[in-house]
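Structure record follows, encoded as C-alpha cells.
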Amino acid sequence: LTVPRIRDHKKDGKTKEPLVMLTAYTARQAQLLDTHCDILLVGDSLGQVIYGLDSTLPVTPEMMIAHGAAVVRGSYHSLVVVDMPFGSYEGSKEQAFDVASRIMAETGCAAVKLEGGEAMSETIHFLTNRGIPVMGHVGLTPQAVNVLGGYAARGRSQEEHDKIIRDGKAVQDAGAFSVVAEGVIEPIAISLTQSLEIPVIGIGASAQCDGQVLVTEDMLGMFERVPRFVKRYEDIASIIEKTVATYAEEVRSRAFPGEEQTYQPKK
Ligand code: KIV
Ligand code: NA
C-alpha cells in the first residue's frame, strides 16, 4: 500500500470500508499483522508497551528507528508509519526535517506521524513539500499530557470542540495524507470525518471515523488495565502465564527436556 492509496481510500468525503490500523514494534509482530492491516504504526506508545516507561515523553529517535526498521523488515503489504517522538520535531521545521528524514532513511518506512494541529501546520507543510509524507494526530495528544493534565477524552467544551476541528483542518491544509483523532467525543469525530477530505483514523473516537487504530498489546490483552475505548479480543497475558508456569514446573520436576529434545551420539 502507498500513501496516495490510503489518502484516496476516502473519495468525495466518504469511506466505504474503514481503514484497519494497528501498532507494531517488532518484526515478528509485523509479519503476523501485515496481511490483515492497511497501516502498521510504530507508535511512540512503545515507551510504555516495550520499555515500561510511564509516558511517551522519554522516547528517543533511536528507539523509534530501531523498532521502525524491525517492523519494515517484517511487513510487505501494509503502509508502515513511524511516530516522531517528543522533543524531536517541535523546535523548528528544520529540526523536524532532520529527524524525519533520518527516520525515513534508516527504517525504510513510508511516512511519519506527529502530534499537533495548527501549531504544527508549518512543519507539516515543510516536510510534505520535501518528500516526507505526514500523518497528523489531533484531539488527545499524549505527548502533551503535562499541558492537558491527563488522558481524559477531549472536546466536551465548545472551545475545545472548535479547536480540534481547526487542528484537523490545519493538518489537512498543510498536506497531511491522513490524521489520527484520539480520545474525542463522538460529535467531534463526526464533524472531523465529515469536514475533512483526508481519512480520519480514530482511537477512542467512536465508530464514525474513516478507520480505526488500537495498540496491539492492548487489544490482545497483554495488560491488566486498559482505557475504556479498548476492546480486549484475547487474554494473551494469561496464556503466556499458564505456558510459563508449565515450563517452570517441568524444569523443576526434570520432565523437560525429554528424550525428544535431547541429543545423543550417532548409532
Ligand atoms: O503511539 C501510538 O500507539 C499512537 C496510536 C495510539 C495512535 O499514536
Ligand atoms: Na503515538
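The table below lists the values:
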quantity	calculated
Qualifying residue in the range 27-37 (condition: surrounded by 21 or more Cβ atoms within 10 Å (Cβ to Cβ) and without any contact (Cβ under 8 Å) to a residue 40 or more places away in the chain)	no
Matching residues in the range 109-124 - criterion: being free of Cβ contacts under 8 Å to residues at least 40 places away in the same chain, outside any helix (DSSP H, G or I) and within 20 Å of ARG166 (Cβ to Cβ)	LEU114, GLU115
Close pairs from the range 91-108: first closer than 16 Å to MET120 by Cβ, partner part of a helix (DSSP H, G or I) and charged (D, E, K, R), Cβ under 8 Å, at least 6 apart	LYS93/GLU122
Unique residue being open to solvent by 20 Å² or more (accessible area, probe 1.4 Å), aliphatic (A, V, I, L, M), touching a residue at least 40 places away in the same chain (Cβ under 8 Å) and touching a His at 6+ places or on another chain (Cβ under 9 Å) when the list is VAL49, VAL82, VAL20	VAL20
Residue tally, condition within 16 Å of ligand 1 (Cβ to nearest atom), more than 13 Å from ALA181 (Cα to Cα) and either part of a helix (DSSP H, G or I) or open to solvent by 50 Å² or more (accessible area, probe 1.4 Å) (or both), over the range 125-165	6
SER101 vs. criteria small (Gly, Ala, Ser) and out of contact with any strand residue (DSSP E or B) (no Cβ under 6 Å at 6 or more places or on another chain)	yes
Single residue of GLY87, GLY52, GLY74 found to be away from ligand 1 (no atom under 14 Å from the Cβ) and within 16 Å of GLU115 (Cβ to Cβ)	GLY87
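The values are calculated or read from the model by the stated rules, or taken from the named source; none is laboratory data. Being a predicted model, the structure only gives us computed values, none of them experimental. Here the Cβ is made from the backbone with ideal geometry for all residues, glycine too, and neighbour counts use every protein chain on show. Surface areas here come from the heavy atoms of the whole protein model, side chains and all, with no ligands, DNA or RNA. Shrake-Rupley method; radii C 1.70, N 1.55, O 1.52, S 1.80 Å.
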